[in-house]
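The values are calculated or read from the model by the stated rules, or taken from the named source; none is laboratory data. Owing to the predicted nature of the structure, the values given are computational and were not obtained by experimental measurement. Virtual Cβ from ideal backbone geometry, glycine too; neighbours counted across all protein chains shown.
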Amino acid sequence: MIKKIFLCGNTGSNNRGCEAIIQSTYDIIRDLNSDIPITLFTYNEKADKDAGLDKKMDIISYANYHNIVERGEAYFWNRVFKNYKLGQRHIQRPLFDRLDHETLCLFIGGDTYCCKNPMQFYGLQQEAQRKQAKTILWGCTVDKSMFNETMVENFKQFHKIVAREKRTYEDLISVGVESKNISLCPDTAFNLKTEKCELPDNFVTGNTLCINPVGNDEFLIGNYVPFIKKVLETTDMQICLVPHVFTDCDEDMRSAKLVYRSFENNNRVSIVDKKLHCKELKFIISQARFLIAHRTHASIAGYSSLIPTHVIGYSVKSVNIAIDIFGRSENFVTSREEIKTSDDLVEILKFMLEKESEIKETLKHQIPLMKGKALETKNVLKEIGV
């Protein structure tokens, strides 16, 4: 019998994609069980409290190394002996100490297994097995090019895996993970609710192109600035720059402000210049006509609001999601390396304008199905004993 749920591996809600996963996962758990205690284990407690998550669940920070000896010891166990339980015992002690046979751990780092060596989750899995806790790899994407023997064995140790795209499901099956242990359910953030907020100045509902720009100065100035000028010259649309990740270096906000600087006196261009939370950002995106996004969960906010969306993709996530919705990624995902000039962005928008009605019809058909499938994660929790 499961008596407590731990959400594990959160890097912090300053990434609004992480916040969206937590908020939507919380709603699913509460729809199923209104009383079970939920604890979030995080590397950024302040960001999670700023997002108001402490009003919904307990929040516990992972530990830090106290000295160079502990850091060296962790390196020794992780890198040399591949004993990840011992290698992670300092950082994850607050979590390890609370594990028991009545615990369910949801590993919520959706794309952690797109990395070569997710030692954090290896260590947690080993300790969870020792304590007889249940484990679910929750809403994951995998990159088959990163698979190795250790990773594949780790997949097989989970009680359940929730794959958020068909290709992830197929890749897991291909390496011997049993189909009975895998559920194909889209990202829970497809069902994230919106929270109404004030729209930016100059935002016109239904006729604004939202852009979530990310990149270095050369990429942004060389591509997005001339692209926006072209949009202003050739259409009657407004432009709104929407950051979605607010890390210590504020990459998204820095990128948005850098682009906005060229248009700050133009009454057809606006910027989200506040650190809004994921539900508020989804509300703004839901009022747009089109979205061009770099961040995966910004794109999910667009798709799930039936907004024609193009992703400047940086991982397999974007490609996989587009294939699940449209049957292909071509015309819906472009790698950043493929953006050579602003003309490439112009062609992206041109396609969306020409196919606007067709894209909307596809979204109207597919998104309700995906939202329904995402809710099937409740069945996974039921099977495990929640």
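Which members of the range 124-152 meet the condition of being buried (at least 18 other Cβ atoms within 10 Å of the Cβ), touching a Leu at 6+ places or on another chain (Cβ under 8 Å) and either modelled with pLDDT under 90 or in a helix (DSSP H, G or I) (or both)?
Within the range 124-152, L124, E127, A128 meet the criteria.
Looking at the range 313-332, is at least one residue on the phi > 0 side of the Ramachandran plot and assigned to a loop (DSSP other than H, G, I, E, B)? Break it down into steps so the answer makes sense when it comes.
If we filter the range 313-332 for residues that are on the phi > 0 side of the Ramachandran plot, which is where we start, we get 327, 331.
Right, trim to assigned to a loop (DSSP other than H, G, I, E, B) and you get 327, 331.
Yes; the residues of the range 313-332 include at least one that is on the phi > 0 side of the Ramachandran plot and assigned to a loop (DSSP other than H, G, I, E, B).
Quick one: which residue in V214, V175 is surrounded by 15 or more Cβ atoms within 10 Å (Cβ to Cβ), within 30 Å of M146 (Cα to Cα), aliphatic (A, V, I, L, M) and in contact with an Asp or Glu (Cβ under 8 Å, 6 or more places away or on another chain)? Spell out the reasoning first.
On the way: V175 fails: in contact with an Asp or Glu (Cβ under 8 Å, 6 or more places away or on another chain).
One residue alone meets the criteria, V214.
Can you pull out every residue in the range 93-108 that is buried (at least 23 other Cβ atoms within 10 Å of the Cβ) and assigned to a loop (DSSP other than H, G, I, E, B)?
I108
Per-residue answers, yes or no, for (1) touching a residue at least 24 places away in the same chain (Cβ under 8 Å); (2) small (G, A, S); (3) closer than 30 Å to E264 by Cβ; (4) in contact with a strand residue (DSSP E or B) (Cβ under 9 Å, 6 or more places away or on another chain):
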position: E127; (1), (2), (3), (4): yes, no, no, no
position: D143; (1), (2), (3), (4): yes, no, no, no
position: I161; (1), (2), (3), (4): yes, no, no, yes
position: R164; (1), (2), (3), (4): yes, no, no, yes
position: E178; (1), (2), (3), (4): no, no, no, no
position: N191; (1), (2), (3), (4): yes, no, no, no
position: C197; (1), (2), (3), (4): yes, no, yes, no
position: V204; (1), (2), (3), (4): yes, no, yes, yes
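V162 - would you say it is assigned by TED's automatic domain parsing to the domain that holds T135, surrounded by 15 or more Cβ atoms within 10 Å (Cβ to Cβ) and more than 21 Å from the chain's Cα centre (by Cα)?
no
Can you name the number of the only condition in (1) at pLDDT below 95; (2) in a loop (DSSP other than H, G, I, E, B); (3) surrounded by 19 or more Cβ atoms within 10 Å (Cβ to Cβ) that A288 fails?
The one condition A288 does not meet is (1).
Suppose we keep only residues that are in a loop (DSSP other than H, G, I, E, B) and touching a strand residue (DSSP E or B) at 6+ places or on another chain (Cβ under 8 Å) within the range 109-123. Which one would you say is nearest to R164 (Cα to Cα)?
In the first step, residues of the range 109-123 are kept if they are in a loop (DSSP other than H, G, I, E, B); the result is 109-111, 115-118.
Now drop any that are not touching a strand residue (DSSP E or B) at 6+ places or on another chain (Cβ under 8 Å), which leaves 109-111.
Values: G109: 12, G110: 9, D111: 10 Å.
Per the stated criteria, the residue is G110.
Inspect the range 162-177 for any residue being closer than 20 Å to H310 by Cβ and either touching a Phe, Trp or Tyr at 6+ places or on another chain (Cβ under 8 Å) or aliphatic (A, V, I, L, M) (or both) and give the result as yes or no.
No, the range 162-177 contains no residue that is closer than 20 Å to H310 by Cβ and either touching a Phe, Trp or Tyr at 6+ places or on another chain (Cβ under 8 Å) or aliphatic (A, V, I, L, M) (or both).
Name every residue in the range 221-242 that is within 12 Å of S262 (Cβ to Cβ) and among the hydrophobic types (A, V, I, L, M, F, W, C), in order of residue number.
I221, V225, F227, I228, L232, I239, L241
Quickly run through the range 118-134 and pick out the residues that are under 23 Å from the mean Cα position of the chain (by Cα) and more than 12 Å from Q92 (Cα to Cα).
P118
If you check K350, K340, which single one turns out to be of a type in the set (K, R), touching a helix residue (DSSP H, G or I) at 6+ places or on another chain (Cβ under 9 Å) and more than 30 Å from I5 (Cα to Cα)?
Working: K350 fails: touching a helix residue (DSSP H, G or I) at 6+ places or on another chain (Cβ under 9 Å).
It is K340.
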